[in-house]
1. Which net charge results for the neighbourhood of Thr140, defined as the other residues with beta-carbon distances under 15 angstrom from its beta-carbon, given Lys and Arg at +1 and Asp and Glu at -1?
2. Using Cα atoms only, what is the angle between the long axis of helix 613-625 and the major principal axis of the chain, expressed in degrees (0 to 90) to the nearest 10?
3. Helix 492-505 versus the longest principal axis of the chain: what is the Cα-based angle in degrees, 0 to 90, to the nearest 10?
4. Under 5 Å between amide hydrogens, which residues at least 5 positions from Val490 or on another chain qualify, with H placed 1.01 Å from N in the peptide plane?
5. Using a probe of 1.4 angstrom, how much of the accessible area of the chain is carbon and sulfur, in percent?
6. From the backbone phi of the stretch 673-684, what are the Karplus-calculated ³J(HN,Hα) couplings (6.51 cos²θ - 1.76 cosθ + 1.60, θ = phi - 60°) in whole Hz, Gly and Pro given as x?
7. Of Ser681, Ser650, Ala626, whose Cα points farthest to the positive end of the dipole of the stretch 617-716 (charges on the beta-carbon: +1 Lys, Arg; -1 Asp, Glu; origin at the Cα centre)?
8. Modelling each spin label as a point 7 Å along the Cα-to-Cβ direction, I'd like the Ser403/Asp675 distance in nm, to one decimal.
Amino acid sequence: MTAYQRYCRALHSVVNQRSSLLKNLHTYDYARQLLDKNPQPSAVFIHRSMLDCIRKNIPFQAVEIFKKRLQLGFLNSIDEVTIALALKASGGDPLLGSQIHGFAITSGFDSHITVPNALMNMYCKSGQFSEALRIFENLTCPDIVSWNTVLSGFQRSEDALNFAWEMNSSGVLFDAVTYTTVLAFCSRDEEFLFGLQLHSAIMKVGLDSEIFVGNALVTMYSRWGRLLVARRVFEEMPTKDLVSWNAIISGYTQEGIYGLEAIWIFIQMVRRGIQLDHVSFTSAVSACGHEKHLELGRQIHGLSIKRGYGKHVSVGNVLISTYSKCEVIEDAKLVFKNMAECNVVSWTTMISIDEENAVSLFNEMRSDMVYPNDVTFVGLIHALTIGNLEESGKTVHGVCIKSGFLSESSVCNSFITMYAKFGSMQDSIKIFEELNYRETISWNALISGYTQNGSSLEAILTFLSALVESKPNEYTFGSILSAIGAAEDVSLKHGQRCHSQIIKLGFNINAIVSSALLDMYAKRGSICESQRVFAEAPQKTHLAWTAIISAYARHGDYESVMNWFEKMEREGVKPDSITFLSVIAACGRKGMVDMGRHLFDSMLKKYQIEPSSEHYSCMVDMLGRAGRLHEAEELVSRIPGQPGLSVLQSLLGACTIHGNVEMGERVADALIAMDPTESGSYVLMSNLYAEKGKWEEVAKVRKGMREKGVKKEVGFSWVDVGDIDASLTLHAFSSGDKSHPQSKEIYRMAECLGSEMKFLREREQLHYNLMKDTNFRAPHDGPIILHL
């Protein structure tokens, strides 16, 4: 958005406000002329003039009328109603309100119940609830308005409900306003029973026919997710206004899974000719977003323009969100561009959906004098994390420190995730340790960060600490199971212990957790446990199908992989890119080149999935294993952009297997140019030269490794010894390793095992040779007979 566009938008808003104000001032001028002609008007005339100003949204003029009566000394035209109207017109201004309060006391009008009620209302609006409560406590005979005014001023639902209980105990009969106010406070699950009791009381006294009460009941039941009850209350209301319709639509929309019902009710509103407002359009468009119903969303967008709400800020915000969910980002940008006014929600939504331009949008937002909130920073940090913009991330971190947003846990959690993604775990730990309160999301972010950076042991230790301070959720278990699955040096017993906790907490029915469990067991070689987890999963999501297919693929079981893949397709579950990666890898190991090619081609043609570098790597590996090196090299040249390390490593490995020195040298040069410190390329070329007997070349490769300081990584194996309480990690060992304190006993046992294996091998060889002897005869029963 250009500076000129921002200026035009601001100017348009000012012009609209000015024209509305001038219209109302013109009316006020006429009323003032009447007052001037009649210097001593009656109190009734003053009341009407002040009330007219309040209704026309020019309350300051009502205050001016009151002040002028005082300045002219016309106290006879001022009564308790005049003071109540002046307090209402003050709009919660504490200074003006206290001045009127002082006059009410000196004039003696504070003895009229109307004035204290107006004073309590003014103090509630100005945030001075304690002052309102003091006035109420000094009343000798409060009326229902007094009780309702104080009731509406409470901030905490617990305090408000206790006050309502006190009202009932004092014998105060609730009216429609009381019930409406109390029902609005019944929002938490603990207050569900109290809400039901209120509903019963409402029906007993016959106030269920009151439209305001009915609207409050619909809202209350919708908030609790009791949409069937909310719908019944709505249907039974004898009269319905716009608020009634909006309440039931909002209820369906907020629940998230009832978008179609919300859309249907909105259609009924249109058909019945009910006057729609911005709330109606906001709920309907939001429902289209939940259902990803783009065409209907566009139709409602068109209707909102016709009805004059197309540029309303709340309608525009939800339109941006809906077009984003329907993956038409350009339409979302167009809505944003045409909005007459943008608030923090508008800018935050755009920052969240337009990650490439998030930084520039954030700068424009600040130029537009819109102050960001914690959600804005969460969206911005996420965009920086996705874009790997480390320097910008540090700058935003500085902005958050200066503006005090690091006190927001959601912002801190986002920074923990961001620094972990950048590989700066020390920064993540520092932010985590500075948190005043560590919620489950904070622990999850740190555990996930360790897992992403390959620090599985630290992830497990953090998980154990988290269990002491917080209650784990499905994402906690998803992250820790991923860490255990990836950690070759951590005992599988820890995964089994997590599995037990998952069952105890009831997370075994969660799709995310069951898929993570399945994947963990598969990576650690326990295919039977993977099968059992899949069989027990209540919902076979595409994550679960992909996980079981990946499990068999890791074990090289081609037949099982294809059987499960076919079952997945028959069940109507759409495979994703990870599914295809596993299936193509299985084809490569089995040498099923034609099937692998067919699946690779079907990704884009049948499922509209763009192959990634990992898919190309699998295809190159498959063609290489089959000895079709030139086809593999030709496929590498077709990869969009530059081929990655994994693709070239697969091709070099195939060249080593099939002894193609010329191609191997080309690929090795490209790999070394990409990453000179990676030892795999040097080792593969050295092995290739050795196979061909080119020892001089082998020496050159090894010399080059020494000069560049490249060292071959030592291969380790792990053995699980002891119980889970003895150690987190397995014992690692390598060839010729004597670091273990019991290495002598280990080597002695290895020699015994080697001798036994040698004996068994020689016995098998003897048996095989005897079977080949033509003089050998083996009867079906009885001992072996030799004819010499």
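1. -2
2. Taking Cα atoms only, the helix is inclined about 10 degrees.
3. 30
4. Leu730
5. On the way: 22790 of 42710 Å².
Within the chain, the accessible surface is 53 percent carbon and sulfur.
6. Couplings: 5, 6, 8, x, 9, 7, 6, x, 4, 5, 5, 5 Hz.
7. Looking along the dipole axis, the top candidate is Ser681.
8. Reported label-point gap for Ser403 and Asp675 is 3.8 nm.
The values are calculated or read from the model by the stated rules, or taken from the named source; none is laboratory data. Every value quoted in this text rests on a predicted model; they were computed, and no experiment measured them. As a convention, Cβ positions derive from the backbone with ideal geometry for all residues, glycine included, and neighbour counts pool all protein chains shown. Each accessible area value is taken on the protein alone, full model and side chains, heavy atoms only, with ligands, DNA and RNA left out. Shrake-Rupley method; radii C 1.70, N 1.55, O 1.52, S 1.80 Å.
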